[in-house]
Amino acid sequence: MIGVHPQNDPQFIVLIDPFYGKINDLLQGLDYAYPESPKVGGLASSGMMGRATAVFCKGEMYSAEAVGVALTGNIVLETIVAQGCRPIGEPYRVSEGERNIILTVQKCSETDGLNINCGDEVAPLEALQELIAELGEEDRQLAQNSLFVGVARDEFKANLESGDFLIRNLMGVDPRVGAMAIGDRVRPGQRIQFHLRDSRTSAEDLKGLLTRHQKLTEATTEVAKEGALMFSCLGRGENLYGQPDFDSNLFREYFKIPLTGFFCNGEIGPVGNATFLHGYTCVFGILRQR
């Protein structure tokens, strides 16, 4: 439908008007048609009032649409997705859920291999209250306005780490039954873990990812990187760190290459083997020759 052949090994940059109503369908469709191809990008951002956003393709302006570029030939797009959160407490397995609402969970303890022991079923609000009671004062204060839910993307990985989660907003709770709504669909069997975000955590997360990527690529290729694209959330930058250009300056400490991009109303990048729409995230697409 988009006229790009999978055998050409395309690398995708996707730019979307936030009023486009089929963002997740588009990303899932691209993953289905091009499972080996990286995809990065973001949603256009503007002022809070009115629909002052649009995207452009070949000189034409489009409202509530998506445009993209498929790069083929002697080019590779390497990706870094910094979600800027750290896990707290232990993972839980969703034992009952409907749409985006978690009804009951079980605390999980990892043993060996794929053996994961889970406890009794409890309401997620009860689990959260127990966790907050165990936190230090600084984290307890942070949890009041910077609490998120991480959804594990790998069904078979026993020992989960911070990068194994897709970070989603905690949308609300029902104190009557202890249910919890998050910004994603859930299903029984999925593992979740509560996360916190602050400027220090976001900085440490990005530093760790940049260090890991630098060591990995230096060990596997001698081809120089040519340039990079950065898609960063409006909630980062000076709003998060109290100083401008933090993410871009940190990137330039690791990679001395041209960098361009924009602040987004949602960022597009891979976690595991799938592409997702993120929030409060910084996504890099690093370009090099094959």
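Name the single residue, out of those in segment 77-98 being of a type in the set (D, E, K, R) and at pLDDT below 90, that is farthest from the chain's Cα centre (by Cα). Full working, then the answer.
Pass one, segment 77-98, residues of a type in the set (D, E, K, R): 78, 86, 90, 93, 96, 98.
Then keep just the ones that are at pLDDT below 90; that gives 86, 90, 93, 96, 98.
Details: Arg86: 13, Glu90: 20, Arg93: 20, Glu96: 24, Glu98: 22 Å.
The qualifying residue farthest from the chain's Cα centre (by Cα) is Glu96.
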Original post:
Do we have any residue at all in segment 172-195 that's in contact with a helix residue (DSSP H, G or I) (Cβ under 8 Å, 6 or more places away or on another chain) and closer than 13 Å to Val81 by Cα?
Top reply: no
Subject >> Evaluation of Pro18 against (1) in contact with a Ser or Thr (Cβ under 7 Å, 6 or more places away or on another chain); (2) crowded, with 20+ Cβ neighbours inside 10 Å; (3) assigned to a loop (DSSP other than H, G, I, E, B) (one fails), failing number >> reply: (2)
**OP:** Scan segment 44-72 residue by residue and report those that are outside any strand (DSSP E or B) and touching an Asp or Glu at 6+ places or on another chain (Cβ under 9 Å).
**Re:** Ala44, Arg51, Thr53, Ala54, Ser63, Ala64, Glu65, Thr72
**OP:** Only one of these is within 21 Å of Glu96 (Cβ to Cβ), surrounded by 12 or more Cβ atoms within 10 Å (Cβ to Cβ) and either in contact (Cβ under 8 Å) with a residue 60 or more places away in the chain or not β-branched (Val, Ile, Thr) (or both): Arg197, Arg176, Arg168. Name it.
**Re:** Arg168
Original post:
Residues of segment 239-290 being within 30 Å of Ala33 (Cβ to Cβ), assigned to a loop (DSSP other than H, G, I, E, B) and among the aromatic types (Phe, Trp, Tyr), which ones?
Top reply: Tyr280
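Table: residues versus (1) of a type outside the set (Ser, Thr, Tyr); (2) in contact with a Gly (Cβ under 8 Å, 6 or more places away or on another chain); (3) touching a residue at least 60 places away in the same chain (Cβ under 8 Å).
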| residue | (1), (2), (3) |
| --- | --- |
| Met230 | yes, yes, no |
| Arg236 | yes, yes, yes |
| Pro244 | yes, yes, no |
| Arg252 | yes, no, no |
| Thr260 | no, yes, no |
| Asn265 | yes, yes, yes |
| Ile268 | yes, yes, yes |
| Gly272 | yes, no, yes |
| Cys282 | yes, yes, yes |
Original post:
Checking Gly269 against (1) within 30 Å of Glu155 (Cβ to Cβ); (2) out of contact with any Pro (no Cβ under 8 Å at 6 or more places or on another chain); (3) exposed (fewer than 15 other Cβ atoms within 10 Å of the Cβ), which test does it fail?
Top reply: (3)
**OP:** Looking only at segment 77-94, decide whether some residue is more than 21 Å from Gly150 (Cβ to Cβ) and either assigned to a strand (DSSP E or B) or in contact (Cβ under 8 Å) with a residue 40 or more places away in the chain (or both).
**Re:** yes
**OP:** Report the residue count in segment 205-222 for those that are in contact (Cβ under 8 Å) with a residue 40 or more places away in the chain, under 22 Å from Phe148 (Cβ atoms) and of a type outside the set (A, V, I, L, M, F, W, C).
**Re:** 2
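Taking Arg236 as the residue in question, decide whether it is in a loop (DSSP other than H, G, I, E, B) and assigned by TED's automatic domain parsing to the domain that holds Glu98. Write out each step before concluding.
Numbers: in a loop (DSSP other than H, G, I, E, B): yes; assigned by TED's automatic domain parsing to the domain that holds Glu98: no.
In short, no.
The values are calculated or read from the model by the stated rules, or taken from the named source; none is laboratory data. Keep in mind that this is a model prediction, so the values were computed, not measured. When we count neighbours, we look across all protein chains shown, and the Cβ atoms used for this are built from the backbone with ideal geometry, even at glycine.
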